[in-house]
2 protein chains.
Amino acid sequence: MPTTRSECEQYDADDPLASLREEFVLPEGVIYLDGNSLGALPQTAAGRVADMVETEWGQGLIRSWNDAGWFDKPGVLGDRIAPLIGAGTGEVVVCDSTSINLFKVFAAALAMRPDRKVVVSEAGSFPTDLYMMEGATGLLDGYERRLIGAGGPTLEDALDEDVAVVVLSHVDYRTGRLHDMVTVTELAHRHGALVVWDLCHSVGALPVHLGDCRADFAVGCTYKYLNGGPGSPAFLYVAARHQDVARQPLSGWHGHANPFAFATDYRPADGITRFRCSTPQLLSYAPLEASLDIWERVDLDLLRAKSLRMTDLFIELVDQECAGLGLDIASPRDADARGSQVAVRHADGYPVMRALIDRGVIGDFRAPDLLRFGFTPLYVRYVDVWDAVQELRDVLSSEVWRDVRYATRAQVT
Amino acid sequence: MPTTRSECEQYDADDPLASLREEFVLPEGVIYLDGNSLGALPQTAAGRVADMVETEWGQGLIRSWNDAGWFDKPGVLGDRIAPLIGAGTGEVVVCDSTSINLFKVFAAALAMRPDRKVVVSEAGSFPTDLYMMEGATGLLDGYERRLIGAGGPTLEDALDEDVAVVVLSHVDYRTGRLHDMVTVTELAHRHGALVVWDLCHSVGALPVHLGDCRADFAVGCTYKYLNGGPGSPAFLYVAARHQDVARQPLSGWHGHANPFAFATDYRPADGITRFRCSTPQLLSYAPLEASLDIWERVDLDLLRAKSLRMTDLFIELVDQECAGLGLDIASPRDADARGSQVAVRHADGYPVMRALIDRGVIGDFRAPDLLRFGFTPLYVRYVDVWDAVQELRDVLSSEVWRDVRYATRAQVT
């Protein structure tokens with residue numbers, strides 16, 4: 001591990017992914033460690049968006065539904081995301097939001113286990129997953145929710161023959177803790193339950209092997225590590241073996257077997273298409289096309305290696321530079337159990353993060369006390385890790401964060 | 001009514017809305033009569049989109065959630081649409097798709113009438129409305145669907161004390177037939193049912209008076225007459241008097257009372273916000289902002305007057321110029337019962353429309369035999385109506401549409 005800034009520079013010089021940074025727009029004077037919340041802008045995205053607006057919409061008008069391939073975009077982009085998550089062609093579709101896609105696959109999974117009335121998730125799940133599960137089971141009768149972790153049972157204890165579906169985040173949005181997907185999926189299957197994986201914090205952060213793990217369903221977003229832009233459409237995965245039986249209740253016309261027959265009754269399309277609902281918000285697909293052009297050239301094993309080297313380095317440097325300054329590493333120290341972020345607790349985390357952002361180091365804050373730093377291997381450098389820790393140490397030791405202007409709490413997504 | 005092209009030119013010269021046409025990009029050599037499917041590009045939209053991409057995303061990055069007002073956009077834009085549909089501040093939110101919003105308000109309405117197990121809609125509804133209703137009632141027990149029209153009962157006959165919710169399109173997507181909203185709503189209310197209005201083909205086509213009609217719920221899209229761009233986000237309306245009790249099942253974190261508390265249990269926000277679900281697809285909101293800048297300057301009574309004058313003119317000219325050429329007007333001849341489109345039946349409607357499009361007159365086709373022509377008063381001129389009918393007559397009388405290259409049927413949304 002590098003122990004000086006110039007050693008970090010050497011790491012950057014030797015980094016096989018280093019040149020990818022040039023493919024992104026990054027503001028002057030900013031060290032961006034929040035790509036796990038909103039990824040950076042790919043250089044070619046603005047042009048792609050302008051083309052969709054000015055040529056496809058402005059000149060093509062309604063004709064672009066066919067001529068520019070608008071109708072097929074959800075499936076075409078799904079097939080481009082598939083290799084990033086170990087899925088096959090026809091197993092992924094890009095549409096709607098993560099929450100809505102979770103509702104679809106969760107409801108589909110429940111219907112595949114009609115005699116089981118327990119659903120399992122984690123207390124530490126990103127809350128919208130729990131809320132959408134609550135919304136779905138609220139329409140049905142007699143479901144019980146078991147939350148593992150945070151003083152609740154372990155997954156092993158929570159599983160029994162009453163459990164229909166398990167919904168888990170592959171990487172925890174706060175701590176960055178990584179589940180062992182193959183072991184967990186196997187455990188759930190042994191009890192006859194289906195598993196829905198939320199990949200929001202793992203897609204583009206590390207290789208995901210849905211197929212090899214015999215995963216059932218998955219959802220994820222494209223605006224974090226995938227750099228699809230603010231609120232870019234989410235994706236969902238349904239294992240090919242489930243596609244004939246799985247039915248989802250947001251049964252809009254784009255999931256119909258023959259949408260242009262305008263029939264009065266719903267008949268689901270074959271394959272993953274039945275998980276589409278309605279007209280895609282096309283403009284939000286355009287930057288994702290530009291971003292996936294970059295992803296096609298990324299070796300995911302190199303990505304993972306760099307990610308862990310950066311997060312290891314960050315942890316080491318925080319230990320070394322910020323000792324005695326009130327920080328506590330909240331992420332797993334074991335690299336194998338970690339995604340691509342490091343969370344650090346501080347009793348006054350909110351003003352500390354505000355002060356850091358003012359100095360150009362952008363991470364984010366999660367109540368009550370977590371500073372989150374995301375390390376996106378496509379555009380973060382080892383020197384950024386070094387510099388960020390120096391700023392963190394300076395903010396803490398100078399106590400600049402006690403300044404009154406950092407006290408007001410604003411929302412940060 | 002004008003009876004020559006030069007009289008049409010005089011109508012355009014006298015048209016108080018004529019200057020609005022300059023605010024749109026319209027391709028050379030095209031008469032665009034499909035703004036009821038995808039509206040034209042506002043001149044300022046490309047710049048607004050570029051600003052969101054390059055400045056707000058590229059430079060602002062995660063900070064734009066607060067600094068650029070991203071988080072509040074669904075409510076802010078909802079309040080800007082409200083005057084177009086006779087709604088008040090805080091009664092409209094812009095999010096998701098029409099289908100998904102229909103699911104939300106329909107499910108909310110059903111829950112407000114728990115002892116009634118019949119839902120009523122129209123056989124001629126845009127099918128996704130029927131499909132989403134089917135998806136929602138499929139999760140629940142024992143619901144019956146009654147479809148009015150097309151050989152089924154009338155609304156009056158379908159209504160009784162078992163009817164929970166009536167879902168109707170204000171303007172029929174095929175024929176352009178306009179429901180009398182105040183009469184229908186009153187009739188449904190007299191039987192204790194709630195009404196969901198689909199405004200896709202009326203918002204921006206004519207003044208809508210949800211408040212005055214005591215409407216309960218409504219949904220609609222922004223990519224037709226509102227010119228929000230391909231797949232721009234939809235809106236939904238919930239009457240203020242229902243907002244405290246109405247609960248919807250797509251209960252994602254953006255509808256939570258305190259999304260940044262990251263609680264494990266869902267608690268709906270006050271007001272219309274509880275009808276939001278998840279992260280908005282922001283890029284798709286940007287052109288709508290540009291479009292609403294134009295709408296703020298539009299007098300809806302002048303809009304309606306021009307719309308009816310154009311559709312009346314089109315019907316008259318088709319009667320006059322295309323007599324004996326196999327056409328049959330499918331839209332109401334009574335202007336008060338018509339939206340802003342005219343549908344014309346022809347046994348070979350599909351190749352006829354293909355041939356027309358090749359001549360630069362863009363309408364669309366709905367199986368089995370409908371040619372649809374939309375008249376968007378912001379950018380269609382009286383001379384366009386004249387010229388379109390001349391082309392239609394020429395296509396029909398020359399029988400150019402019998403050309404083999406028009407035979408292949410492609411999807412057109």
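Can you report the number of residues in the range B:108-126 which are more than 12 Å from chain A (Cβ to nearest Cβ), under 18 Å from B:Val219 (Cα atoms) and acidic (Asp, Glu)?
Final tally of qualifying residues: 0.
Please pick out the residue among A:Leu317, A:Leu236 that is open to solvent by less than 20 Å² (accessible area, probe 1.4 Å) and in contact with a Gly (Cβ under 9 Å, 6 or more places away or on another chain).
A:Leu236
Do we have B:Asp403 as surrounded by fewer than 20 Cβ atoms within 10 Å (Cβ to Cβ) and not hydrophobic (A, V, I, L, M, F, W, C) here?
Working: surrounded by fewer than 20 Cβ atoms within 10 Å (Cβ to Cβ): yes; not hydrophobic (A, V, I, L, M, F, W, C): yes.
Yes: the conditions hold for B:Asp403.
Being more than 7 Å from chain A (Cβ to nearest Cβ), in contact with a helix residue (DSSP H, G or I) (Cβ under 9 Å, 6 or more places away or on another chain) and not in a helix (DSSP H, G or I) is the filter here, so list the residues in the range B:268-297 that pass it.
B:Pro268, B:Ala269, B:Arg276, B:Glu296, B:Arg297 - these are the residues of the range B:268-297 that are more than 7 Å from chain A (Cβ to nearest Cβ), in contact with a helix residue (DSSP H, G or I) (Cβ under 9 Å, 6 or more places away or on another chain) and not in a helix (DSSP H, G or I).
With touching a strand residue (DSSP E or B) at 6+ places or on another chain (Cβ under 6 Å) and touching a residue at least 12 places away in the same chain (Cβ under 8 Å) as the only criterion, which of A:Leu77, A:Leu17 stands out? Give the steps one after another, and end with the answer.
Details: A:Leu17 fails: touching a strand residue (DSSP E or B) at 6+ places or on another chain (Cβ under 6 Å).
It is A:Leu77.
Any residue that is out of contact with any Leu (no Cβ under 7 Å at 6 or more places or on another chain), open to solvent by less than 20 Å² (accessible area, probe 1.4 Å), at positive phi and within 14 Å of chain A (Cβ to nearest Cβ) - is there at least one of those in the range B:206-227?
Within the range B:206-227, one or more residues are out of contact with any Leu (no Cβ under 7 Å at 6 or more places or on another chain), open to solvent by less than 20 Å² (accessible area, probe 1.4 Å), at positive phi and within 14 Å of chain A (Cβ to nearest Cβ).
Which of (1) buried (at least 17 other Cβ atoms within 10 Å of the Cβ); (2) modelled with pLDDT under 95 is the odd one out, the single condition B:Leu378 does not satisfy?
(2)
Per-residue answers, yes or no, for (1) surrounded by fewer than 22 Cβ atoms within 10 Å (Cβ to Cβ); (2) β-branched (Val, Ile, Thr); (3) within 22 Å of the chain's Cα centre (by Cα):
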| position | (1), (2), (3) |
| --- | --- |
| B:Gly324 | yes, no, no |
| B:Asp328 | yes, no, no |
| B:Ser331 | no, no, yes |
| B:Val344 | no, yes, yes |
| B:Arg359 | yes, no, no |
| B:Asp369 | yes, no, yes |
| B:Tyr382 | no, no, no |
| B:Val385 | no, yes, yes |
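Under 6 Å between Cβ atoms, at least 6 apart or on separate chains: pull out the pairs that start in the range B:324-352 with a residue that is on the phi > 0 side of the Ramachandran plot and end on any residue that is open to solvent by less than 60 Å² (accessible area, probe 1.4 Å) and in a loop (DSSP other than H, G, I, E, B).
Matching pairs, first to second residue: B:Gly326/B:His346.
Go through (1) of a type in the set (Lys, Arg); (2) over 26 Å from B:Leu303 (Cβ atoms); (3) touching a residue at least 12 places away in the same chain (Cβ under 8 Å) for B:Arg63 and report which single condition fails.
The failed condition is (3).
Would you check which residues across the range A:319-334 are among the hydrophobic types (A, V, I, L, M, F, W, C) and under 11 Å from A:Gly176 (Cβ atoms) and list them?
The answer is A:Ile329, A:Ala330.
For the range B:116-185, which fully contained strands (runs of 3 or more DSSP E) count at least 3 residues that are modelled with pLDDT of 95 or more and either aromatic (Phe, Trp, Tyr) or open to solvent by less than 20 Å² (accessible area, probe 1.4 Å) (or both)?
B:118-122, B:163-169
Just checking, does the range A:84-93 include any residue being over 20 Å from the mean Cα position of the chain (by Cα), touching a residue at least 40 places away in the same chain (Cβ under 8 Å) and surrounded by fewer than 24 Cβ atoms within 10 Å (Cβ to Cβ)?
At the first step, the residues of the range A:84-93 found to be over 20 Å from the mean Cα position of the chain (by Cα) are A:89-90.
Right, trim to touching a residue at least 40 places away in the same chain (Cβ under 8 Å) and you get A:90.
From what's left, surrounded by fewer than 24 Cβ atoms within 10 Å (Cβ to Cβ): A:90.
Checked the range A:84-93: at least one residue is over 20 Å from the mean Cα position of the chain (by Cα), touching a residue at least 40 places away in the same chain (Cβ under 8 Å) and surrounded by fewer than 24 Cβ atoms within 10 Å (Cβ to Cβ).
With the structure loaded, tell me whether B:Val105 is touching a helix residue (DSSP H, G or I) at 6+ places or on another chain (Cβ under 7 Å), more than 11 Å from chain A (Cβ to nearest Cβ) and either surrounded by 24 or more Cβ atoms within 10 Å (Cβ to Cβ) or charged (D, E, K, R) (or both) or whether it fails that test. Write out each step before concluding.
Values: touching a helix residue (DSSP H, G or I) at 6+ places or on another chain (Cβ under 7 Å): no; more than 11 Å from chain A (Cβ to nearest Cβ): yes; either surrounded by 24 or more Cβ atoms within 10 Å (Cβ to Cβ) or charged (D, E, K, R) (or both): yes.
Taking the combined requirement at face value, the residue does not satisfy it.
Just one of (1) within 14 Å of chain B (Cβ to nearest Cβ); (2) in contact (Cβ under 8 Å) with a residue 12 or more places away in the chain; (3) in contact with a Lys or Arg (Cβ under 9 Å, 6 or more places away or on another chain) trips up A:Gly138, so point out which.
(2)
Results for (1) among the β-branched types (Val, Ile, Thr); (2) assigned to a helix (DSSP H, G or I); (3) away from chain B (no Cβ under 14 Å); (4) closer than 29 Å to B:Asn258 by Cα, shown as yes or no for each residue.
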{"residue": "A:Asp312", "(1), (2), (3), (4)": "no, yes, yes, no"}
{"residue": "A:Glu316", "(1), (2), (3), (4)": "no, yes, yes, no"}
{"residue": "A:Gln320", "(1), (2), (3), (4)": "no, yes, yes, no"}
{"residue": "A:Arg354", "(1), (2), (3), (4)": "no, yes, no, yes"}
{"residue": "A:Ile357", "(1), (2), (3), (4)": "yes, yes, no, yes"}
{"residue": "A:Val383", "(1), (2), (3), (4)": "yes, yes, yes, no"}
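Is it the case that the range B:245-257 has a residue that's of a type in the set (S, T, N, Q), at the interface with chain A (Cβ under 10 Å from one of its Cβ atoms) and touching a residue at least 60 places away in the same chain (Cβ under 8 Å)?
Scanning the range B:245-257 turns up at least one residue that is of a type in the set (S, T, N, Q), at the interface with chain A (Cβ under 10 Å from one of its Cβ atoms) and touching a residue at least 60 places away in the same chain (Cβ under 8 Å).
With respect to A:Glu54, determine if the residue is open to solvent by 70 Å² or more (accessible area, probe 1.4 Å) and closer than 30 Å to B:Trp65 by Cβ.
It is true that A:Glu54 is open to solvent by 70 Å² or more (accessible area, probe 1.4 Å) and closer than 30 Å to B:Trp65 by Cβ.
Return the residues of the range A:20-42 that are surrounded by fewer than 21 Cβ atoms within 10 Å (Cβ to Cβ) and in contact (Cβ under 8 Å) with a residue 40 or more places away in the chain; say none if nothing qualifies.
Of everything in the range A:20-42, those that are surrounded by fewer than 21 Cβ atoms within 10 Å (Cβ to Cβ) and in contact (Cβ under 8 Å) with a residue 40 or more places away in the chain turn out to be A:Leu20, A:Arg21, A:Glu23, A:Leu26, A:Gly29, A:Val30.
Counting only residues that are under 19 Å from A:Asn227 (Cβ atoms) and hydrophobic (A, V, I, L, M, F, W, C), which one in the range A:274-294 is surrounded by the most Cβ atoms within 10 Å (Cβ to Cβ)?
Among those that are under 19 Å from A:Asn227 (Cβ atoms) and hydrophobic (A, V, I, L, M, F, W, C), it is A:Leu283.
The values are calculated or read from the model by the stated rules, or taken from the named source; none is laboratory data. Note that the structure is a prediction, hence the values are computed from the model and not measured. With ideal geometry, Cβ positions are generated from the backbone for all residues, glycine too; neighbour counts draw on all protein chains shown. Keep in mind that these areas ignore ligands, DNA and RNA; they rest on the heavy atoms of the full protein, side chains included. Shrake-Rupley method; radii C 1.70, N 1.55, O 1.52, S 1.80 Å.
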